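Laboratory data are not the source of any read-out in this text; all were calculated from the coordinates shown. Computed from a predicted structure; not experimentally measured. Cβ atoms come from the backbone with ideal geometry, glycine included; neighbour counts cover every protein chain shown.
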Amino acid sequence: MNSHHSRRQFFAGSLATVAGLAVSRSALAGLPEPVLQSSAATAPPLVPNTGRPYHPVVTLNGWTLPWRMKDGVKEFHLVAEPVLREVAPGFKVNMWGYNGQSPGPTIEVVEGDRVRIFVTNKLPEHTTIHWHGQRLPNGMDGVGGLTQPQIPVGKTFVYEFEARRPGTFMYHPHADEMVQMAMGMMGFWVTHPKVKHPQISEVDRDFCFLLNAFDVEPGSRTPKVNTMTDFNIWCWNSRAFPAIDSLNVRLGDRVRIRVGNLTMTNHPIHLHGHEFSVTGTDGGPTPPAGRWPEVTTDVAVGQMRQVEFIADELGDWAFHCHKSHHTMGAMGHAVPTLVGVDHRGLVGKIQQLVPDYMVMGERGMADMGEMEMPIPDNTAPMMTGSGPYGPLEMGGMFSVLKVRADQQPGDYKDPGWFKHPAGTVAREYTGPVAEAARPPADKPPLAGGDTVLKARKPNPHAGH
C-alpha cells in the first residue's frame, strides 16, 4: 500500500466519525460551489431533481439550499458569514448568517440519505454547527471543544452522517453561542420520510419558519448581543410585519406549518378561523392518539412545533404570536402610561417650547398606527401595516393566512386582499341605542348588620 493511498484511507475514515478535520487543499477543489441568496422574499419550493423524491417545503421569507449528488452522497455547502438583512422596508440589520442570509437556507433531505455538509467560516471568529434534534455520531454533533475542535476563521470543515429519522429540525452554532445566535445564526432542517409514514400525513402545502428576536437601538444597525430578555425586534425568519410574506393556500388544502423557536422566550402561536392539531415536534411525529384540536400552541425556547389543518374557511386569517408586545415594532418600554391623563391646558404651553410636540397615549396608542411621524433612520415603526379597511396597527410576529377557492395547486403567489361577499363584514349599527342602566354613584351606608372587611399587611417579625 503506497503512502498516498494510506493518507486517503485515513482521511476518509476520520471523516466518518469526527467533524473536527479541516478539508484538505486537494479536497477543496472538489467542494460544491456555495449558493448565495440576496433576496428576502419567499422562494418557490425547490423540487428535487436528484436523489429520492419528496414534497418540498416553502420557507417563509427564505429558501432551500441546493445540493449535488456525489457517489450517492447528498453534498451541501454552508458559508458562515456577516450579512445585511432587510428586516422591514427601510430597516436593515447587520447580522451573521449563512450563504448571504439570516436565517440560513433550509436543508431538505430524505430519511436514509447520506449527507455531507461543508462549512466554510468567513466570520471574524471561530464557529461550529450543531444539528439540533438529529440522531448522528457524537463527533458530528457540533459542540465546539466537546465533540470537535472549533472551525477557525477562513477554514472549511465537513460534517457527514445519515439522516436517520424523518422530522423537523434546526441548525445553529455551539460556539460563542450567545453572540452568534443573537446575531442571527440559525437555519431549518427538514428530513422527509422515505416511504409513506403511518404518523406523517401527505399535505398540499408545507410551510416552515424560525422565530427569532433582536435588540436593535432605533437608528442603529447592529444587535446588542448581551441582551437577555428585553428584545425590541420580534421576527419570523428575521422579518417583521409588514415584511413577513403571507401564507397563500387553496380552499380545502391540507396545510402543514413547522415553527422553530430560537429566541429567549416562549411564543403562543395563534391561528384565526381554523382549528389545528400539533402533529410533530423536534422529537418526531406526534402519535394520533396524543393529538387534539387547538387554535394556539406554545412554542418554547429550543423547540419545534408542527401543526396541520384543513384550510376550509375562505378569507384572510390573522396568524401571529399571541404575546401582544411581540406583534409590535421597536418601542420604549420605560414610557409612562398616559391613558386617561387630561392634557388640556398643558399642550399649548409645551408647544411654546417644543413646537412639534404631539399628545400621544391619553386615549390609547391606536393613533400610532395611522399617523406619520418622524422616526430615526433605519428604524421600523412601532405599529404599522395597512389592510383593505385601514391601518392594521401591527408589527413583529404577524402574518396572514390567505385561503382562496381559485388559488391553483402549487401556486404560492399573493392573491391580494379577500373580497368579502355582501353582508358578511361587520358594520356600523344606525338604529336606536338604549341607555344602559347604571347603579347610583354614591353607595348607601352599610346596614347595621353588615361586616366590614379590612386587610392588614402582615408583620414579618410577629412572634419573634
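The table below lists the values:
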quantity	calculated
Nitroxide proxy distance, nm - points 7 Å out along Cα→Cβ at residue 346 and residue 318	3.0
Span from the the stretch 60-119 Cα centroid across to the the stretch 180-250 one, whole angstrom	13
In order through the stretch 147-158: 3J(HN,Hα) via Karplus (6.51 cos²θ - 1.76 cosθ + 1.60), integer Hz, x for Gly, Pro	10, 6, x, 5, 7, x, 4, x, 9, 10, 10, 10
Exposure proxy ranking, count of Cβ atoms within 10 Å, fewest first, for 427, 254, 116	427, 254, 116
Aspartates and glutamates whose Cα lies under 19 Å from that of residue 70, excluding same-chain neighbours fewer than 8 positions away	33, 108, 111, 113, 160, 162
Residues 354, 73, sorted so that the one with the fewest Cβ neighbours within 10 Å comes first	354, 73
Cα-based shape type of the stretch 3-203, given that a ≥ b ≥ c are square roots of the gyration tensor eigenvalues and the cut on a/c is 1.5	oblate
Label zone at residue 310 (point 7 Å along Cα-to-Cβ), backbone N below 19 Å, the stretch 189-206	199-206
Fraction of beta bridges assigned by DSSP in the stretch 3-203 that are antiparallel (%, nearest 5)	70
Most to least packed among 136-146, 195-205, 80-90 [average Cβ atoms within 10 Å]	80-90, 136-146, 195-205
Exposure proxy order (Cβ contacts within 10 Å, fewest to most) of 307, 400	307, 400
Additional length obtainable on full extension of the chain from residue 434 to residue 227, 0.36 nm per residue less Cα span	69.3 nm
Extended-chain gain in nm, criterion 0.36 nm per residue less alpha-carbon gap, residue 71 and residue 49	6.4 nm
Length gained when the stretch residue 294-residue 325 is fully extended (0.36 nm per residue, less Cα-Cα span)	8.9 nm
Estimated inter-spin distance, residue 266 and residue 386, nm [label 7 Å along Cα→Cβ]	3.9
Amide hydrogen neighbours beyond the local backbone of residue 247, cut-off 5 Å, H modeled	400, 401, 402
Inter-probe distance in nm under a simple model that places probes 7 Å from Cα toward Cβ, at residue 414 and residue 177	3.7
